Amino acid sequence: MKTRIIYGPILSRRLGRSLGIDIIKNTERKKNCNFDCVYCQLDHVDYKVTGPEDVKGAVTPAEVIESIRSYHRNILDLDYITFSGTCEPTLNLRLGDMIKGIRKISEHPVCVLTNSSLVEREEVRLNLAEADLVVATLVSGYEDTFRAISRPAAGIRLENIIKGLKAIKKMEKRPKLGIEIMLVDSAIDFPVNCTNREINRLIEVIREIDPDEIEILTVSRPPAEKYITAVPDARLKEIACRFDEEFGKDRVRLVLKGLKRERSKMRHGNIDEEVYALILRRPCTFTQICTSLGISDPELKPIIEKLISSKNIIKTGSAEEIYYKAS
């Protein structure tokens, strides 16, 4: 199955209808990342990329512009163009040029979802400065908890991430900065980040960073580690109230599962490739695929059957909620 660098749109709990761009296309690996997060919806990283210099299969700005030019006009109700996918976008040091090129052909705002790993590097911050919105993940204010949850490549340290995020906020030309706090619980003895001790430290660190917005959420899809579980809604709301008190309700957003949206309105090219491109980057239920791509149940059923029989995708999740993911 041909792999596209453009996928979606995805119905994001945060960004509405978001057209994704995946800017590393090393087909030898399912993921190209320098983290191996316990909560990742795309399973484990078999080989952690140590830095931009270690990247294979980096997409070029020309490839991005041509793909966007030929694809995004088919979507009639798009909210964002977002760099994410199977890779950490900041590992591609041409990211800034890609965003500049997109601005010449599209009026849609550009978002970069980052694990924050490389924000200590000036060239990475300059690339991020070209975006409208950067959503940077921060899972803990403690080095040991950060390492347990994110499992970073060698040389990545939390203190440098915090310094880099503070530097982004102080840039003269900068994007709107959002901090995503991915909270996890566990079925075993594991250093989770939803305890009062962890929340108190996160509040201290975020006060230093001073972001424009703070997003609080938990896992909503099957995670890489089976022992990782979602934080209950009641606890999420308690934590969100703490952040509201500290930073004000206008800056804090609690992202809960259960987003309901109308189906996307788009014209299709090769629908089989579009379905696979979406599942490759984000495990989805049958209904989520239909809604994201604006197709009917009868249209999707034979495509899913074909992808399963060809072993391109597999079923995961539970009997109550089946997800399709890349094999």
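The values are calculated or read from the model by the stated rules, or taken from the named source; none is laboratory data. Because the structure is predicted, anything quoted here is derived from the model rather than measured. Virtual Cβ from ideal backbone geometry, glycine too; neighbours counted across all protein chains shown. Ligands, DNA and RNA are excluded from the accessible area calculation, which covers all protein heavy atoms including side chains. Shrake-Rupley method; radii C 1.70, N 1.55, O 1.52, S 1.80 Å.
Just a few scattered comments:
- Surface composition of the chain: carbon plus sulfur atoms hold 48% of the accessible area, using a 1.4 angstrom probe and ignoring ligands, DNA and RNA.
- Classified by the C-alpha gyration tensor, the stretch 23-77 has an oblate form. Its axis ratio a/c, with a ≥ b ≥ c, is 1.5 or above, and a/b does not exceed b/c.
- Sequence ranges 6-17, 190-201, ranked by mean other-Cβ count within 10 angstrom, highest first: 6-17, 190-201
- When both bridge partners sit in the stretch 1-119, DSSP labels roughly 45% of those beta bridges antiparallel.
- Per-pair calculated FRET efficiency, R0 = 25 Å: E204 and K237 via Cβ, rounded to 0.05: 0.70
- Cα-based Rg of the stretch 108-170 normalised by 2.2 N^0.38 Å, two decimals: 1.12
- Each listed q (0.18, 0.22, 0.25, 0.30 Å⁻¹) maps to a log10 I(q)/I(0) for the stretch 148-204 from the Debye sum over equal C-alpha point scatterers, namely -0.83, -1.08, -1.20, -1.27.
- Taken over the alpha carbons of the stretch 1-109 as equal point scatterers, the Debye sum produces base-10 log I(q)/I(0) values at 0.10, 0.14, 0.15 Å⁻¹ of -0.28, -0.56, -0.64.
- Applying a threshold of 23 Å to the alpha-carbon distances of K100/K176; K30/K311; K56/K170 flags K56/K170 as lying beyond it.
- In order along the stretch 34-48, the Karplus-derived 3J(HN,Hα) couplings, from 6.51 cos²θ - 1.76 cosθ + 1.60 at θ = phi - 60°, round to 9, 10, 10, 5, 5, 9, 4, 6, 9, 6, 7, 8, 6, 8, 7 Hz, and Gly and Pro are given as x.
- All alpha carbon pair distances within the stretch 166-306 were sorted into 10 Å bins beginning at 0; the resulting P(r) in whole percents reads 10, 30, 26, 24, 10, 0.
- Label zone at D77 (point 7 Å along Cα-to-Cβ), backbone N below 15 Å, the stretch 294-313: 294-296
- Packing order of peptides 210-217, 23-30, 311-318, highest average first: 210-217, 23-30, 311-318 (average count of other Cβ atoms within 10 Å over each peptide's residues).
- Computed magnitude of the charge dipole of the chain (debye, nearest 20; Cβ of K, R +1, Cβ of D, E -1): 660 debye
- Calculated on the Cα set of the chain, radius of gyration then Dmax: 18.9, 53 Å.
- When only alpha carbons are used to place a centre, the stretch 113-165 and the stretch 197-230 end up 13 Å from one another.
- Listed by number, the DSSP H helices of the chain that run 30 Å or longer by alpha-carbon position along their axis and have mean Kyte hydropathy of at least 0.5 come to an empty list.
- Förster radius 25 Å - calculated FRET efficiency between K306 and T27 (Cβ-Cβ, nearest 0.05): 0.80
- Summarising the label geometry, the points placed 7 Å from Cα in the beta-carbon direction at S67 and R13 lie 2.6 nm from one another.
- Evaluated at q = 0.16, 0.20, 0.21 Å⁻¹, the base-10 log of the normalised Debye intensity for the stretch 176-243, with identical point scatterers placed on the Cα atoms, takes the values -0.56, -0.85, -0.92.
- Applied to the stretch 129-139, the Karplus parametrisation 6.51 cos²θ - 1.76 cosθ + 1.60 on θ = phi - 60° returns per-residue 3J(HN,Hα) values of 4, 7, 7, 7, 9, 10, 10, 10, 7, 9, 9 Hz, with x for Gly and Pro.
- Using a probe of 1.4 angstrom and keeping all protein chains present, the accessible surface of the chain works out to 44 square angstrom per residue.
- Tensor-based shape of the stretch 50-162 (alpha-carbon gyration tensor, a/c under 1.5 rounded, otherwise prolate or oblate): prolate
- Take each peptide in 163-173, 296-306, 81-91, count the other Cβ atoms within 10 Å of every residue, and average; sorted highest first, the result is 81-91, 163-173, 296-306.
- Taking 4.7 Å between beta carbons as the limit, the unpaired Cys residues of the chain are C33, C87, C111, C194, C241, C284, C290.
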